[in-house]
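First the structure, in the form of structure tokens, and then the observations on it.
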Amino acid sequence: MHFKSLFFSLVVSLPVLLSAQGMTFFQGSWEEVLQEAKKERKLVFVDAYTTWCGPCKMMARNTFTHQEVGKFFNENFINYKVDMEKGEGPGLAGKYSVRAYPTLLFVNYQGDLVHQAVGYKPPADFLFEGKTALSPAKNRLNLETEYQAGNREPEFLLAYATQQKENGDDYRIAATQYFSTQSDKELRSKKGWQAIQLLSTDATSREFSLLLKKRKKFVKIAGEKPVDAKINEVLRRNTIKAALTNQPQVYRNLYQIASDQIKDKGQTASRLRMTYAEAKKDWVGYARFAIEYFDDFNVTDPTELNDAAWTFFLWVTDEEQLAQATEWSRQAIAIKNIYQYNDTYAALLFKSGRYQDAYKVANKAVNLAYKEREDPAPTLELLEKIKEKL
């Protein structure tokens, strides 16, 4: 056999390492990657992805190609990609309880899950996850073992609850246990704020009440925007839960908290009315509360304007109300001219029967989508509908 042919046949008969700038990925079966991990005495990093997952594509484009990421992961792991909807993917998704994408798995050569993270990670955060997986004191397997063995030291509970949240697991019990170990003074520190920001979810909890009562103290530590964002997040989360579990009294209590304890002239309370109506799918009430909200307050957050406008596009049919939503959409674009907001604006113009204007804005949205590397498919579909009306 010719030497070149012999070399080629040997190469293609072996598992292949796929390499680009950055990380190198092993290509072969699941059994083969575990064998490789055993041979090299390394953990396996698994990128559990799907072809339709936008954050998965972002990680492939922005994180896996990063030079420092490549160096660290190539030295310390056998890197492996699995489409969770093809081949061995569904079985692995079941084995490791993969429920969101991307899920980042770290397993040993026996297939035991050592560490896990969920969601898009920029290079620095991804490196942190890799280092955590390699740390016996921090990885998921050891943390879970220690917790089941009865470790309830404050620092351990904080690490365990944080890891549970990162894994997409229910972290509320461990978080509550951690907060119970901390005095009010400790919670008012920078470390206390960081724990509240990361782990606090219950609007009736002691730590959230402290956040409301000592807001000015927390603002000095972290700044006004992060503190208010956390307060709004907890109130919103609990309001949605009250709506979905049919607990109107719980919602009324939350509304009262927002009215009495948040000194913003009723803006947070007004926003909660919208949240509750939306969660209850009370679109008549939602439309009325939204119009009152945007009339009463000077809203300059383009995302907030766009979200309300899009909800009106989906569920509201009244012409006067749609006209107001169209104006919110226009305001969002004036603040930040991006694809998503133009797509909403075009959709509202179309629903309002302004087909010429809708056509112009939809074309603009498509051009912005290409520039921003977004998928313009929904807008292209809208364009076809607009053309039928012209």
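The values are calculated or read from the model by the stated rules, or taken from the named source; none is laboratory data. Because the structure is a prediction, the values reported are computed rather than measured. Ideal geometry is used to build each Cβ from the backbone, glycine not excepted, and the neighbour counts take in all protein chains shown. Calculation scope for accessible area: heavy atoms of the full protein, side chains included, ligands and nucleic acids excluded. Shrake-Rupley method; radii C 1.70, N 1.55, O 1.52, S 1.80 Å.
General observations
- Residues in region 1-36 that are modelled with pLDDT under 95, open to solvent by less than 100 Å² (accessible area, probe 1.4 Å) and in contact with a Phe, Trp or Tyr (Cβ under 7 Å, 6 or more places away or on another chain): 3 in all.
- Looking only at residues in region 294-329 that are open to solvent by 70 Å² or more (accessible area, probe 1.4 Å) and hydroxyl-bearing (Ser, Thr, Tyr), the one that is nearest to Thr268 (Cα to Cα) is Thr300.
So that you can scan it fast, the table gives a plain yes or no per residue for (1) within 30 Å of Leu254 (Cβ to Cβ); (2) touching a Gly at 6+ places or on another chain (Cβ under 9 Å):
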residue: Phe126; (1), (2): no, no
residue: Pro136; (1), (2): no, no
residue: Arg140; (1), (2): no, no
residue: Gly168; (1), (2): yes, yes
residue: Ser180; (1), (2): yes, no
residue: Gln197; (1), (2): yes, no
residue: Ser200; (1), (2): yes, no
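- Residue under evaluation Thr204, criteria (1) farther than 23 Å from Glu146 by Cβ; (2) hydroxyl-bearing (Ser, Thr, Tyr); (3) part of a helix (DSSP H, G or I), criterion not met: (3)
- Residue in region 162-171 that is open to solvent by 70 Å² or more (accessible area, probe 1.4 Å) and either modelled with pLDDT of 90 or more or in a loop (DSSP other than H, G, I, E, B) (or both) present: yes
- Against the list (1) free of Cβ contacts under 8 Å to residues at least 12 places away in the same chain; (2) open to solvent by less than 50 Å² (accessible area, probe 1.4 Å), the condition Ala242 fails is (1).
- Filtered residues of region 34-57 (kept if assigned to a helix (DSSP H, G or I) and either free of Cβ contacts under 8 Å to residues at least 40 places away in the same chain or more than 19 Å from Gln116 (Cβ to Cβ) (or both)): Gln35, Glu36, Lys38, Lys39, Glu40, Gly54, Lys57
- In summary, Lys86 fulfils each of the numbered conditions (1) open to solvent by 10 Å² or more (accessible area, probe 1.4 Å); (2) part of a loop (DSSP other than H, G, I, E, B); (3) under 22 Å from Glu166 (Cβ atoms) with the single exception of condition (3).
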